[in-house]
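Each remark here refers to the structure printed beneath this line.
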Amino acid sequence: MEDLFAKDSASKKQIPLAASLRPREWNDFIGHNSVVKSLRSLTKPTSILLYGPPGSGKTSLAHLLTKDWKFEKRYLSCVTSGVKEVREVLEEGKKRGTIVLFLDEIHRFSSSQQDALLQSVEEGELILVCATTENPSFRVNRALLSRLLVFRLEPLTESEEIQIFDAAVSRIGAKRIFPKEIKQELLKRSSGDARKLLGALEQVLQRTDENDTITLDLLSEILGEKVLKYDKNSENHYDLISAFIKSLRGSDPDAAILYLSLMLEAGEDPHFIARRLTVFASEDIGNASVQALSLAIATWQAVERLGMPEARIPLAQCVSFLASAPKSNASYMAINRANQFVRERMREFEVPNHLRNAPTKTHKEEGAGAGYRYPHDFPGHFLKEKYFPPSLYPKPPLFYSPSEQGFERNIREHLYRLWGSERYESERG
């Protein structure tokens with residue numbers, strides 16, 4: 001039986017349970033079967049990157065993979081190390097021929113710091129095994145990424161966490177009774193993070209005796225309040241805001257409110273949410289509901305003036321309205337089409353003379369503004385005038401195509417009445 005709170009005899013340092021129970025052999029590793037199979041099939045030492053959430057097993061896999069490699073091995077964390085420490089390892093690699101470096105949290109290194117690794121990896125002086133919790137496509141240089149085999153680890157499943165929990169209790173010989181609801185609560189708190197799960201188990205074992213009955217109240221007293229898994233700088237942040245916006249776009253107010261609550265409970269900046277709601281109001285609702293943008297801006301102002309926790313109320317009002325409102329991206333598509341048209345075809349343009357400004361006598365003498373007809377002087381406050389640059393006639397482009405949604409249907413019918421087949425017939429059939 002292993003000592004539950006084993007200490008390093010040389011340093012007298014207490015080793016956390018998660019570290020002391022780190023798998024020593026491949027057969028002891030639980031989860032990620034396909035990744036394990038791929039790693040074990042490598043025929044020679046290879047530079048790799050392990051990418052996955054905290055506590056998914058990246059460090060354990062790195063230890064298992066490199067254990068039998070016949071090279072000197074070094075470990076650095078990008079949280080506490082910089083270029084100086086990396087260069088020392090690289091120099092050592094030059095002297096020894098090849099050295100293995102496990103570089104944890106590589107996303108913490110700047111682009112220039114990552115560049116310092118390229119030549120040594122390319123020339124085989126360094127076998128780089130690195131880990132990150134961030135999407136490497138965003139946080140690791142392309143040049144370095146192209147030299148690494150990338151393996152993605154998903155959060156551990158509930159069944160895998162149960163296996164890890166039971167194996168840990170068995171290995172340390174803990175004489176405690178863990179009722180089903182207690183085990184489920186520990187799994188819920190860990191959210192697929194084995195390190196967090198074993199850390200919680202360690203706290204419970206330290207704070208209870210063999211005869212104690214472990215209850216949910218006692219567990220909350222020991223472990224404190226649950227904290228949602230959320231990092232405003234991580235991929236999880238972007239996944240959550242993506243799900244939020246897509247729920248709004250899909251007209252599901254309940255799902256949108258859920259994601260709003262998750263973000264607020266996790267400590268997301270309410271100003272960030274208000275900003276995204278304002279963009280959404282124009283991009284996805286537009287003229288289908290002309291109140292949307294006004295409400296979004298009013299909500300943003302309310303968030304600035306109220307602060308949390310009261311700001312959650314106008315945010316919820318705005319979210320429920322935007323999710324329930326009719327949708328149209330016609331305005332958004334119009335500016336995108338116009339931008340593309342300008343980039344591709346409008347290298348040169350000329351403002352029609354009758355639309356030019358004539359602020360001075362000289363401008364008027366040149367004819368600027370001559371022939372302009374004031375729409376309000378005509379029946380219905382409208383006349384069919386040419387407003388496009390002359391080069392775009394006889395068939396000017398159509399950018400804004402109003403939808404049938406909400407108020408935009410009225411706009412569509414109005415524009416059709418004004419311009420008729422000259423502009424809309426061929427487009428609308």
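Under the condition of being among the polar types (S, T, N, Q), open to solvent by 30 Å² or more (accessible area, probe 1.4 Å) and outside any loop (DSSP other than H, G, I, E, B), the residues counted in the range 165-199 number 2. Within the range 310-323, the set of residues being open to solvent by less than 80 Å² (accessible area, probe 1.4 Å) and touching a residue at least 24 places away in the same chain (Cβ under 8 Å) comprises A311, L315, A316, C318, V319, S320, F321, L322, A323.
Is there a residue being in a loop (DSSP other than H, G, I, E, B), hydrophobic (A, V, I, L, M, F, W, C) and free of Cβ contacts under 8 Å to residues at least 12 places away in the same chain anywhere in the range 36-59? Checked against the condition, which is being in a loop (DSSP other than H, G, I, E, B), hydrophobic (A, V, I, L, M, F, W, C) and free of Cβ contacts under 8 Å to residues at least 12 places away in the same chain, the range 36-59 yields no hits at all.
Residues satisfying the criterion are present in the range 401-413 (criterion: at pLDDT 85 or above, part of a helix (DSSP H, G or I) and either on the phi > 0 side of the Ramachandran plot or exposed (fewer than 13 other Cβ atoms within 10 Å of the Cβ) (or both)). Please verify whether F138 is of a type in the set (F, W, Y), modelled with pLDDT of 90 or more and farther than 27 Å from A200 by Cα, treating the condition exactly as stated. Against the criterion (of a type in the set (F, W, Y), modelled with pLDDT of 90 or more and farther than 27 Å from A200 by Cα), F138 does not qualify. When E122 is tested against (1) open to solvent by less than 70 Å² (accessible area, probe 1.4 Å); (2) at pLDDT 85 or above, exactly one condition is not met: (1). Beta carbons closer than 6 Å, at least 6 apart along the sequence or on distinct chains, pair a first residue in the range 343-354 that is within 26 Å of A370 (Cα to Cα) with a second that is part of a loop (DSSP other than H, G, I, E, B) for F349/P389; E350/P389; N353/G367; H354/G371; H354/Y372. If you filter the range 286-318 down to residues that are in contact with a Pro (Cβ under 7 Å, 6 or more places away or on another chain) and β-branched (V, I, T), you find that the one that is nearest to E408 (Cα to Cα) is T299. A residue that is of a type in the set (F, W, Y), free of Cβ contacts under 8 Å to residues at least 40 places away in the same chain and surrounded by 15 or more Cβ atoms within 10 Å (Cβ to Cβ) occurs nowhere in the range 136-157. Counting only residues that are open to solvent by 20 Å² or more (accessible area, probe 1.4 Å) and at pLDDT 90 or above, which one in the range 59-68 is farthest from K95 (Cα to Cα)? The residue in question is T59. Only one of the numbered conditions (1) touching a helix residue (DSSP H, G or I) at 6+ places or on another chain (Cβ under 6 Å); (2) at pLDDT 85 or above; (3) among the polar types (S, T, N, Q) is violated by S190, and that is (2). Looking across the range 330-372, the residues that are open to solvent by 70 Å² or more (accessible area, probe 1.4 Å) and in contact with a His (Cβ under 8 Å, 6 or more places away or on another chain) come down to R356, N357, Y372. State whether the residues of the range 79-101 include one that is touching a helix residue (DSSP H, G or I) at 6+ places or on another chain (Cβ under 6 Å), at negative phi, loosely packed, with under 13 Cβ neighbours inside 10 Å and of a type in the set (V, I, T). Yes, that holds for at least one residue. Confirm whether H376 is at positive phi and at pLDDT 85 or above. No.
The values are calculated or read from the model by the stated rules, or taken from the named source; none is laboratory data. Since the structure is predicted, the reported quantities are computational estimates derived from the model, not experimental observations. So basically every Cβ, Gly included, is an ideal-geometry build from the backbone, and we count neighbours across all protein chains shown. Side chains are part of the model used for accessible areas, which takes the heavy atoms of the whole protein and leaves out ligands, DNA and RNA. Shrake-Rupley method; radii C 1.70, N 1.55, O 1.52, S 1.80 Å.
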